[in-house]
Amino acid sequence: VQSNITNALTQEDQLLLEGLCGQIAIAIHNTQLLESANTFRQVIASSGQGITIATLDGNLTYANPAFCTLVGETDPQALVGESLFSYYPEPLHARLREEILPALMEHGHWQGELAVLSRTGVETPTLENLAIVSDEAVTGERGEPRYLTRQVSDITARKEMEEALAMERHLLHALLDNVPDHIYFKDRESRFLRISTANARWLN
């Protein structure tokens, strides 16, 4: 703000304009934060992974649509306030309390395979990434823990494939152990990879 008249702006004008500038700066900053939060919310909502946010004592504050689908809920708001343990099978509760959550609090993250329990009692095998969200802190220090986040990936197809491969291996072993024919597999350097029991006996 300027004037072509000397001393046109008083000390009171300066204070008023500085206060107004401060309020405008805060409004701009809040708008930027809101835009960032909306973008973040849209990314989470459209993610194919189930994502939840809970308080440190395990009460859900947010669940995205993918997690709702996984547990058979249609309304994400219906999950708010529910216990984190509500969506794990009962046999996992002791492991969560005694092993997983203490490791999570100590290291800030945990990854492993668990099962998710739906409203109708269906268990789904999942790969889970649990993490603690903390306040910002001075570089080199850990902030105060605030929330627990959970990323859940349905690994049903992978588990079915693993079971099918295990069955194939079992059948192959049974064949090689019992067939009277001489069967073997070799690599390009002619080294044995697998060999039937009959062939092994024949080779002494």
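The values are calculated or read from the model by the stated rules, or taken from the named source; none is laboratory data. All figures in this text were calculated on a predicted structure; none of them were measured in a lab. Cβ atoms come from the backbone with ideal geometry, glycine included; neighbour counts cover every protein chain shown. We work out accessible area using only protein heavy atoms, side chains counted, and drop any ligands, DNA or RNA first. Shrake-Rupley method; radii C 1.70, N 1.55, O 1.52, S 1.80 Å.
Rolling a 1.4 Å probe over the protein heavy atoms leaves Thr39 with an accessible area of roughly 80 Å². Rolling a 1.4 Å probe over the protein chains gives Met167 an accessible area of about 100 Å².
For the chain, what's the relative contact order in percent, using C-alpha pairs closer than 8 Å and at least 6 residues apart? Relative contact order here is 13 percent. Diffusion of segment 55-151 by Stokes-Einstein, at 4 °C in a medium of 1.567 mPa s and with Rh set to the Kirkwood radius over alpha-carbon pairs, works out to 91 µm²/s. Every helix of 4 or more DSSP H residues in the chain counts as -39500 (n - 2.57), and over all residues that averages to -13500 deg cm²/dmol at 222 nm. The distance linking segment 32-67 with segment 126-204 is 32 Å (Cα centroid to Cα centroid, whole angstrom).
Helix 11-46 and the longest principal axis of the C-alpha atoms of the chain enclose an angle of approximately 20°. When nucleic acids and ligands are ignored and a 1.4 Å probe is applied, His107 ends up with an accessible area of around 110 Å².
Seen against the Cα atoms of the chain and their longest principal axis, helix 156-178 is set at about 20 degrees. Put a plus charge on the Cβ of each Lys and Arg, a minus charge on the Cβ of each Asp and Glu, and nothing anywhere else: the dipole of segment 56-204 about its Cα centre is then about 760 debye. Set against the labelled values [x] 33, 20, 18; [y] 28, 25, 20; [z] 61, 23, 17, semi-axes √(5λ) of the Cα gyration tensor in Å computed from this structure falls on [z].
Here the simple spin-label model places points 7 Å from the Cα toward Cβ, and for Ala103 and Thr39 these points are separated by 3.5 nm. Scanning the chain for trypsin sites (Lys or Arg not before Pro) that sit in a DSSP loop and have at most 16 other Cβ atoms within 10 Å, the longest stretch containing none of them is 1-118. Extension gain for Gln11 to His182 (0.36 nm times residue separation, less C-alpha to C-alpha distance): 51.3 nm.
Residues Glu189, Glu136, Glu82, Glu98 ordered from highest to lowest accessible area at a 1.4 Å probe: Glu136, Glu98, Glu189, Glu82.
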